[in-house]
């Protein structure tokens with residue numbers, strides 16, 4: 001049976017999957033790796049651990065598959081995780097995670113030189129200002145680690161580092177370098193980069209996501225067990241690959257991509273501008289109009305780690321807790337927040353704690369707090385998007401949590417659909433490989449042929465009405481606490497500077 005291989009380098013684990021050309025899972029596996037915090041607010045990962053996880057995953061899933069049946073390989077991954085490499089492909093330092101907040105001062109520098117309108121003109125899209133975008137991070141390195149820029153042959157995104165190890169090619173795509181590339185020219189934004197005198201050698205060559213950039217080298221073949229000469233495609237960022245793998249490609253298709261962070265939005269044929277949201281090119285004539293949070297599944301993972309419980313144990317506790325968690329609220333801002341407020345000083349907060357609250361209340365409050373935050377985003381999407389179809393497709397690791405899916409369905413008042421394979425990033429990457437080898441004529445055709453829905457959750461009007469009342473109180477929390485958040489963040493920065 002012919003098959004395609006997909007790799008998804010996530011923010012907490014790497015998934016590797018083999019798929020038949022109709023999308024059926026032949027084999028899929030996952031390997032996790034840690035995030036290090038050398039200083040408060042600094043989040044880093046070791047690219048060598050990414051590669052180790054991918055190699056182990058590949059060896060596991062291809063062990064019983066004849067090499068000639070594997071047609072090609074595609075990759076996806078989280079972005080804004082800058083990985084600096086030398087000419088041999090060696091990482092010069094740990095990669096910065098997407099959650100890293102170190103470039104706050106450099107964001108101010110960028111904003112002082114470029115208005116938001118001017119920046120949109122350089123990039124071809126309007127991006128809400130944030131220290132998590134790559135340009136402020138490059139400015140941070142220019143100021144604090146100039147030797148890293150000087151010694152680097154180029155920087156890569158996470159999935160590009162995997163492709164480099166597989167093929168020896170320094171390559172990427174336009175969308176995975178959002179914030180540095182110009183979507184009007186499909187090249188790096190020269191006007192922006194020259195304004196800050198960033199060396200041109202830092203930037204890899206850009207290809208289309210479904211374009212073959214090279215072949216598995218003999219060295220990579222010996223490490224992974226893959227056949228030398230296997231075609232490798234450019235791949236895509238995790239959002240685009242996940243949308244494709246979810247079967248989301250027609251105008252009006254709605255999505256919620258879960259993981260450490262969460263994306264929620266809709267496919268649209270128009271270019272929208274809405275405060276706090278992003279509208280970025282996706283497929284030909286179509287954009288993704290969406291918001292992105294800092295911590296979705298990451299909030300639940302944090303709670304489990306902090307209190308020494310398995311997530312399944314926590315979810316069992318939450319099952320018996322009533323809707324609304326007996327008025328215990330959670331603001332999921334444990335890493336600051338992106339959409340819709342774009343405030344790195346926002347803090348994770350439990351509000352309304354009383355003696356009646358048990359552990360299960362806190363767990364359900366986390367599930368509901370993340371869902372409230374997503375509804376804040378989706379409300380903005382609904383105001384601007386011309387068409388939003390049912391269902392809302394939820395994918396990613398948290399899509400396996402049935403209670404969370406039902407909470408979201410009730411709050412958003414839409415049917416929720418879960419794909420047969422919730423690991424849609426690795427499937428979307430494999431779809432690009434299927435297109436590159438000519439088995440599908442387009443990404444749309446691959447998504448139509450390889451993605452399928454398995455389960456649906458339906459909203460209950462009475463629960464929706466209850467949630468909407470509770471949601472109005474949730475929306476008051478951040479404006480009420482914002483000044484306090486800023487003061488706490490200021491004190492935290494002062495403590496960081498103490499010896």
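Taken together, the values in this text are just the output of simple stated rules run on the coordinates, not laboratory data. Please read all numbers here as calculations on a predicted model, not as lab measurements. Backbone-built Cβ (ideal geometry, glycine too); neighbour counts: all protein chains shown.
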*Provide Rg over Rh for region 3-239; use the alpha carbon set for both Rg and the Kirkwood Rh (inverse mean inverse pair distance).*
0.98
*Taking 0.36 nm per intervening residue step and subtracting the Cα-Cα distance, what contour gain separates residue 186 from residue 2 on full extension?*
62.9 nm
*Roughly how compact is region 327-366, stated as its Cα Rg over 2.2 N^0.38 Å to two decimals?*
1.30
*Compute the distance in nm between two label points, each set 7 Å from the Cα along the Cα-to-Cβ direction, one at residue 52 and one at residue 105.*
3.4
_Residues in region 451-482 that a label on residue 319 would reach, taking backbone N under 20 Å of a point 7 Å out along Cα→Cβ_ = 455-458
*For 403, 139, 331, what's the fewest-to-most ordering of other Cβ within 10 Å of each Cβ?*
403, 139, 331
*Cα-Cα P(r), region 102-228, percent of pairs per 10 Å interval*: 12, 38, 31, 14, 4, 0
*Extension reserve of the residue 470-residue 201 stretch, reckoned as 0.36 nm per residue once the Cα distance is removed*: 91.6 nm
*Using the Cα atoms of region 159-224 to build a convex hull, what is its mean projected area in square nanometres?*
5.0
*For the chain, what's the relative contact order in percent, using C-alpha pairs closer than 8 Å and at least 6 residues apart?*
16
_Solvent-free Debye scattering, log10 I(q)/I(0), computed from the Cα coordinates of region 1-126 at q = 0.11, 0.17, 0.19, 0.21 Å⁻¹_ = -0.55, -0.95, -1.04, -1.14
*For P(r) over Cα pairs in 20 Å bins from 0, in percent, which listed value, [x] 20, 47, 26, 7, 0; [y] 24, 59, 17, 0; [z] 22, 51, 23, 4, 0, comes from the coordinates shown?*
[y]
*Any chance you could run the full-extension gain for residue 483 through residue 218? It's 0.36 nm times the residue separation minus the Cα-Cα distance, nm to one decimal.*
89.7 nm
*Relative contact order of region 3-239: what whole-number percent is it, with Cα pairs under 8 angstrom and at least 6 residues apart?*
21
*Describe numerically, in nm with one decimal, the distance between label points set 7 Å from Cα along Cα→Cβ at residue 454 and at residue 39.*
4.4
*Using packing as a proxy for protection, rank 460-471, 212-223, 289-300 so that the peptide with the highest average count of other Cβ atoms within 10 Å comes first.*
289-300, 212-223, 460-471
*Taking only DSSP H segments of four or more residues, each worth -39500 (n - 2.57), what value at 222 nm results for the chain once the sum is divided by all its residues, to the nearest 500 deg cm²/dmol?*
-12000 deg cm²/dmol
*Nitroxide proxy distance, nm - points 7 Å out along Cα→Cβ at residue 194 and residue 22*: 5.4
